[in-house]
Amino acid sequence: MEANLNTEKNTAKGSFTEVEVDSDFLVLTYQNDTAEKQIVEREIDSSFIQFHFCVKGECQFMFNQGRYALNIPDEKSLLLYNPERDLPIHLELNPSSWLISLIISIKKFHGLFSQEADYITFLSADNRDKKYYKDGIITPSMAIVLNQLINYNLNSNIKHLYFKGKAYELLSLYFHRSEDANIEQCPFLVDETNVQKLRMAKDIMITRMAEPPTLQELSEEIGLSLKKLKEGFKEIYGDSVFSFLFDYKMEYARKLLESGEHNVNEVGLKVGYSTASHFISAFKKKYGTTPKKYIQSIV
């Protein structure tokens with residue numbers, strides 16, 4: 001049966017933009033910058049998988065005419081998949097909330113991951129015909145892509161190409177996460193105590209990002225060997241400790257710049273750069289533009 005995508009938008013209660021990045025693959029973005037709760041509605045049939053990412057604020061996915069709701073808080077995601085019944089979008093977005101959704105057909109999605117069916121839980125032969133709801137976190141790497149989609153400010157002629165690249169990048173990052181870690185490859189992660197220590201390591205690096213400890217100091221502070229710290233951190237967070245911290249610092253810096261409350265020098269100092277030139281160089285390495293030009297592009 002051919003997929004049925006209703007392209008009409010509910011403009012009375014709220015509106016969202018959508019870009020068809022590929023056949024049977026959509027990116028929906030919604031920004032509720034008002035002081036009131038707003039509603040997003042769209043027909044989606046049972047042949048599609050939905051990924052919802054709450055970039056800012058909070059929203060609720062309503063089911064069965066509002067009788068049941070799944071909450072999507074700030075920096076969290078929700079995956080919805082039910083091949084046996086339609087799941088029309090009915091989202092209630094709180095004031096000052098931003099949401100991005102990827103809607104992709106089951107057929108197309110299976111084609112992307114057919115070689116990885118054992119890796120992605122709900123693609124296994126036993127599960128592919130069952131409903132699947134899952135909440136998750138938005139990692140720093142995913143947050144960067146999501147904000148790039150929200151803050152798109154390039155030539156309109158390349159918007160489709162840009163969104164297509166970012167949509168596939170986001171899917172890749174979504175499945176490169178801790179819940180899909182290979183326990184056999186990294187058996188010590190079975191120990192919840194070690195997982196807690198690694199979370200502590202992440203929190204320490206974020207809290208002290210301006211003057212972070214060395215890996216050896218971090219290892220001693222959390223009570224985990226250097227080897228297990230390196231291997232475990234990469235398994236859980238998808239990157240090395242300092243690569244993770246770099247991405248986090250740049251994302252934090254970008255948000256500070258967007259707020260307009262700090263100049264470039266102040267932002268650089270807050271994320272641990274003693275000179276503006278070093279911060280500008282790092283920012284350009286991450287985003288391909290200088291902090292000053294970035295600010296000008298979003299004004």
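The values are calculated or read from the model by the stated rules, or taken from the named source; none is laboratory data. What you see is a predicted model, and the numbers here were worked out from it, not measured in a lab. Using ideal geometry, Cβ is built from the backbone for each residue, glycine included, and neighbour counts are taken over all protein chains shown.
Descriptive notes on the structure:
- Residue count for the stretch 131-151 under the criterion of being part of a helix (DSSP H, G or I) and not polar (S, T, N, Q): the result is 8.
- Scanning the stretch 111-130 for residues that are assigned to a helix (DSSP H, G or I) and either among the small types (G, A, S) or at pLDDT 75 or above (or both) turns up G111, L112, S114.
- The set of residues from the stretch 189-199 being acidic (D, E) and either at pLDDT 90 or above or assigned to a helix (DSSP H, G or I) (or both) comprises just one member, E192.
- When I158 is tested against (1) surrounded by fewer than 15 Cβ atoms within 10 Å (Cβ to Cβ); (2) at pLDDT 90 or above, exactly one condition is not met: (2).
- Positions within the stretch 259-274 being touching a Phe, Trp or Tyr at 6+ places or on another chain (Cβ under 9 Å), without any contact (Cβ under 8 Å) to a residue 60 or more places away in the chain and of a type outside the set (V, I, T), in sequence order: N265, G268, L269, Y273
- Flag for L70 being touching a helix residue (DSSP H, G or I) at 6+ places or on another chain (Cβ under 9 Å) and closer than 10 Å to D135 by Cα: no
- Considering the stretch 10-110, there are no qualifying strands (runs of 3 or more DSSP E) wholly inside with 1 or more residues that are over 22 Å from the mean Cα position of the chain (by Cα), aliphatic (A, V, I, L, M) and surrounded by fewer than 19 Cβ atoms within 10 Å (Cβ to Cβ).
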